[in-house]
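**Q** Let me begin by handing over the structure; questions about it come next.
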Amino acid sequence: MAPTAHPERPPAISELWDWQLQGACRQADGELFFHPYGEREPSRSRRERAAQAVCAICPVLVRCRAYSLAAQEPYGVWGGLTETDRQQILAEQGTPLDEAARSAEVA
Ligand code: SF4
């Protein structure tokens, strides 16, 4: 007999994260998505554009983007959005990224 899901239990963790297994970034250079220490312009913009090109063909872009905004991911390119993109979107929504995360990034 197959186990049945309890109606009040949250979904299994794997159900929440399985979409990541379909991410196009799994086949890409992971260093494109997160900045190395001390990265400056124009290297940063070049790296972010390369990561966004991978996201543009990703089958789970919408879900990834929604996750990154809901989680207020402070670092990296997620769902085609850079850190700056997310900060702007969240600020427009009245939910800016945690100040501590931003000041840690500057340090
Ligand atoms: S949208 Fe971009 S960061 Fe998100 S899973 Fe796809 S390739 Fe990776």
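**Q** With the condition kept exactly as written, say whether any residue in region 86-94 is of a type outside the set (Gly, Ala, Ser), buried (at least 18 other Cβ atoms within 10 Å of the Cβ) and either more than 16 Å from the ligand (Cβ to nearest atom) or at pLDDT 95 or above (or both).
**A** Yes, the conditions are met somewhere in region 86-94.
**Q** Return yes when residue 66 is near the ligand (Cβ under 8 Å from one of its atoms) and assigned to a helix (DSSP H, G or I) and no when it is not.
**A** No.
**Q** From (1) at pLDDT 95 or above; (2) more than 25 Å from residue 18 (Cβ to Cβ); (3) not hydrophobic (A, V, I, L, M, F, W, C), pick out the condition that doesn't hold for residue 76.
**A** Tallying (1) at pLDDT 95 or above; (2) more than 25 Å from residue 18 (Cβ to Cβ); (3) not hydrophobic (A, V, I, L, M, F, W, C), residue 76 fails exactly one: (2).
**Q** Is it the case that region 48-58 has a residue that's at pLDDT 95 or above, assigned to a loop (DSSP other than H, G, I, E, B) and either closer than 18 Å to residue 32 by Cβ or more than 9 Å from the ligand (Cβ to nearest atom) (or both)?
**A** yes
**Q** Any idea how many residues of region 25-74 are exposed (fewer than 13 other Cβ atoms within 10 Å of the Cβ) and touching a residue at least 40 places away in the same chain (Cβ under 8 Å)?
**A** 0
The values are calculated or read from the model by the stated rules, or taken from the named source; none is laboratory data. Everything numeric in this text was worked out from a predicted model, so none of it was measured. No Cβ is skipped: glycine too gets one built from the backbone with ideal geometry, and neighbour counts run over all protein chains shown.
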